Amino acid sequence: MALDKDLLMLMLRRMWTIRHFEETVIDIYAKGEFGGAAHPYIGEEAVAVGACVAMQDTDYIAGNHRSHGHPLAKGGDPKGAMAELLGRVDGYCKGKGGSMHLADFSIGILGESGILGSSLPVATGAALASKIKGEDFISAVFFGDGASNQGACHESMNLASVWKLPIIFICENNQYAVTTSYRDTVAVEHVSDRASAYNMPGVLVDGQDVVAMYEAVSVAIERARAGEGPSLVEGLTYRYEEHSLGLGRIRRGEYRPEDEIETWRQRDPIVIHTNRLVEQGIATQEECDAVNAEVRGEIDEALEFARNSPFPEPEELFDDMFANAIPQP
Amino acid sequence: MPETVFVNAINEALQEEMQRDESVFIMGEDIKRSIYGATMGLLEEFGEKRVLDTPLSENAFFGAAVGASAVGMRPVVETLTSFMWVAMDQLVSQAAKMRYMFGGQVNLPVVYRATMYYGGGSAAHHSDRSYPMFMNMPGLKIVAPSNPADMKGLMKTAIRDDDVVIMFEDGTLFGNRGEVPANEDLPNGELLIPFGVANTLREGTDVTVVAIAGSVPHAVAAAEELEAEGISVEVIDPRTLVPLDKASILASVEKTGRLVIADPAHKVCSAASEIASIVAEEGFWSLQAPIAKVASEQVHIPYSPVLEKLVYPTKEKIVTAVRGTLA
Ligand SMILES: Cc1ncc(C[n+]2csc(CCOP(=O)(O)OP(=O)(O)O)c2C)c(N)n1
Ligand SMILES: [Mg+2]
């Protein structure tokens, strides 16, 4: 597939956006600017970016606790994301959701969920609505290798298949759930092998290669829009950081060997993509560096914006519980 | 007496019971490496057969614990309260109902250890204090310890109990220290605390404060502050919510005539609501003032720290409520 330069550069830009966003998050977390949990997406950028640039703005996505990459990959504004992490009123969710619950409905983001497996039924429902309404939007859901073992995951895939719903199940197989290797918890070799049980296509993709992800998801989207039903796309990838910020108890290298971490760091999705652009003469190294620098500036601005955004007022505590407020008990 | 950290008290109880009874085994997510701290060292001592890391499949392993217990094992399952929703069917339809529905043919000695993480910016999906919902479901014993000694003694009792027990472990207390008697100093050589017996932490004559789990330290602090003003507060920790030591609460209210209940759960249909209802029904003539509940606001836990801190019971709210009953 020959892809045009704009699209390839957009992939680079979005991957850098996530990378710089996450590095900033790690930095400000260490400085104590916010608390709770935050799950860095560094190393896995190609999975969400390859998938999301294959979609239209009108398509929907839902995601999980490792939540910063998905909205940014779909073109979400890093300002609102950063403000949400800092618990400010200008955050996507007015400070009510935080790191694990980023959601910008205006660009088709149905929300990130902290409860593993719980967004698959929701995304399935969006696809059902598309079919009932006879529209051509699709939905996609990101979930981990660990979450693939939830009942809700199996139930959603089966339902989507028997009803031929336009949905793409995207497993981000970073090979671990916290400290547990997927080889100890997933009975098949690859999560995508399960697709045959739901009578849908299942493909295993190099999750470090943004173009490979784009191509696989594009095929699945085409199938979905044609009314042929769901697909399961597994991006094999790796998380470079520890499971979550604020989970200091887990020591590096205790559950995954150092050389394994190193091997995967050698397969950095941004480096792989940049090298391809340069080697194929699609862009110069300078052009690629310029994207990097530009994005760095945007993330600095986002942080500035978030820091200057006010905290919610105490009166806002009860806002948004119901469409029309009811008296507090 | 030696001091122990709350989370280590859980660890001691698990270790002692696993040493004592081969049928006790533990399972949960990432417990081998003990990401939450309570299962440290147990893999090394008891091996892979009795310390199981599960797939992320709460409904499956909550239910598997029921099945294993029905045929002679004593499973202890580790989870967070927030992941119990995923396993609700097995918890309610099987764990809670099986014994009764089958005419008492089977005992189900399962312990679910459900940690409640709240107060630290974990947002709505990870901050549940859900014990009142389970109090509403017959067939479950509900424990909510507030200090390391109670944690250890009640955990050991829970593991030996022949019914389904849910231990609600208050994450805000995990780092707290407290005295835990050494086994050699105990008459029976071990710490066992019976279910259904409240603990009176402070005696007082003016107002009774019944406090639950993480609210207990706030209630004690409130009582200390009020003492300086000449207000004598009795603080009672029920420790187990099912069974509930009504007698101790009613006797205290009979003495003081006033009741404040501090409960970190949402205030509607909370444990505080149930205790208030019991006292209204059975202790009405002792009351000299309306009962006051200090429970969490009826709203989801907001992420932003400025909003989150408004939700829960605090020392200040308890002090205000106590004064209110005397006004
Ligand atoms: C129902 C449920 N159980 C447990 C957890 C705790 N938890 C959060 S992330 C995580 C590991 C998830 O692994 P995976 O699905 O592979 O995603 P990854 O973190 O690797 O991206 C666990 C066990 C949770 N959030 N929800
Ligand atoms: Mg994973």
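With the structure loaded, tell me whether B:F134 is of a type in the set (F, W, Y), modelled with pLDDT of 95 or more and within 12 Å of ligand 1 (Cβ to nearest atom) or whether it fails that test. Spelling it out, it is not the case that B:F134 is of a type in the set (F, W, Y), modelled with pLDDT of 95 or more and within 12 Å of ligand 1 (Cβ to nearest atom). Where helices (runs of 4 or more DSSP H) fall wholly inside region A:236-310, the ranges with 1 or more residues that are within 14 Å of another protein chain (Cβ to nearest Cβ) and surrounded by 17 or more Cβ atoms within 10 Å (Cβ to Cβ) are A:285-308. Just to be sure, is B:G139 more than 21 Å from B:T200 (Cα to Cα), modelled with pLDDT of 95 or more and within 16 Å of ligand 1 (Cβ to nearest atom)? Against the criterion (more than 21 Å from B:T200 (Cα to Cα), modelled with pLDDT of 95 or more and within 16 Å of ligand 1 (Cβ to nearest atom)), B:G139 does not qualify. Return the residues of region A:131-152 that are touching a residue at least 24 places away in the same chain (Cβ under 8 Å), away from ligand 2 (no atom under 13 Å from the Cβ) and outside any strand (DSSP E or B); say none if nothing qualifies. Answer for region A:131-152, where residues must be touching a residue at least 24 places away in the same chain (Cβ under 8 Å), away from ligand 2 (no atom under 13 Å from the Cβ) and outside any strand (DSSP E or B): A:K131, A:D136, A:F137, A:I138, A:G151, A:A152. Restricting attention to region B:34-50, and to residues there that are away from chain A (no Cβ under 14 Å) and in contact with a Leu (Cβ under 9 Å, 6 or more places away or on another chain), which single residue is farthest from ligand 2 (Cβ to nearest atom)? Only one residue fits best here, namely B:R50. With respect to the conditions (1) within 21 Å of A:M15 (Cβ to Cβ); (2) β-branched (V, I, T); (3) more than 16 Å from ligand 2 (Cβ to nearest atom), A:I170 lacks only one, and its number is (3).
Could you check region B:147-211 for strands (runs of 3 or more DSSP E) lying wholly inside it with 1 or more residues that are closer than 24 Å to B:K293 by Cα?
B:165-170, B:199-202, B:207-211
The residues in region B:164-187 that are touching a strand residue (DSSP E or B) at 6+ places or on another chain (Cβ under 6 Å) and either crowded, with 18+ Cβ neighbours inside 10 Å or among the hydrophobic types (A, V, I, L, M, F, W, C) (or both) can be counted, and the count is 8. Apart from one condition, A:E313 fits all of (1) within 14 Å of chain B (Cβ to nearest Cβ); (2) of a type in the set (D, E); (3) surrounded by 15 or more Cβ atoms within 10 Å (Cβ to Cβ); the exception is (3).
Does region A:177-194 include one or more residues that are farther than 26 Å from A:R239 by Cα, away from ligand 1 (no atom under 12 Å from the Cβ) and in a helix (DSSP H, G or I)? No, that holds for no residue. On inspection, A:G235 fails the criterion of being touching a helix residue (DSSP H, G or I) at 6+ places or on another chain (Cβ under 8 Å) and at positive phi. Filtering region A:316-327 to residues that are exposed (fewer than 12 other Cβ atoms within 10 Å of the Cβ) and within 14 Å of another protein chain (Cβ to nearest Cβ) leaves A:F322, A:A325, A:I326, A:P327.
Look at (1) touching a Ser or Thr at 6+ places or on another chain (Cβ under 8 Å); (2) within 16 Å of ligand 2 (Cβ to nearest atom); (3) within 14 Å of another protein chain (Cβ to nearest Cβ) and you find that A:V122 fails only one, number (2). Selection of helices (runs of 4 or more DSSP H) fully inside region B:1-80 by the criterion of at least 1 residues being in contact with a strand residue (DSSP E or B) (Cβ under 8 Å, 6 or more places away or on another chain) and over 26 Å from B:P148 (Cα atoms) returns B:58-70. Put simply, of A:G125, A:G151, A:G134 the only residue that is more than 27 Å from A:P269 (Cβ to Cβ), within 12 Å of ligand 1 (Cβ to nearest atom) and surrounded by fewer than 20 Cβ atoms within 10 Å (Cβ to Cβ) is A:G151. For B:I31, the stated conditions hold: it is of a type in the set (A, V, I, L, M, F, W, C), within 11 Å of chain A (Cβ to nearest Cβ) and either farther than 21 Å from B:G214 by Cβ or touching a residue at least 60 places away in the same chain (Cβ under 8 Å) (or both).
Out of the residues in region A:154-166 meeting the condition of being away from chain B (no Cβ under 14 Å) and either surrounded by 24 or more Cβ atoms within 10 Å (Cβ to Cβ) or within 19 Å of A:V219 (Cα to Cα) (or both), tell me which one is farthest from ligand 1 (Cβ to nearest atom).
If we take residues in region A:154-166 being away from chain B (no Cβ under 14 Å) and either surrounded by 24 or more Cβ atoms within 10 Å (Cβ to Cβ) or within 19 Å of A:V219 (Cα to Cα) (or both), then A:K164 is farthest from ligand 1 (Cβ to nearest atom).
Conditions (1) free of Cβ contacts under 8 Å to residues at least 40 places away in the same chain; (2) more than 16 Å from ligand 2 (Cβ to nearest atom); (3) within 14 Å of another protein chain (Cβ to nearest Cβ), marked per residue:
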| site | (1), (2), (3) |
| --- | --- |
| A:H20 | no, yes, no |
| A:G35 | no, yes, yes |
| A:V49 | no, yes, no |
| A:K96 | no, yes, yes |
| A:S106 | yes, yes, no |
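The values are calculated or read from the model by the stated rules, or taken from the named source; none is laboratory data. Quantities reported herein were computed from a predicted structural model and do not represent experimental measurements. Methodologically, a virtual Cβ is constructed for each residue, glycine included, from the backbone with ideal geometry; neighbour enumeration extends over all protein chains shown.
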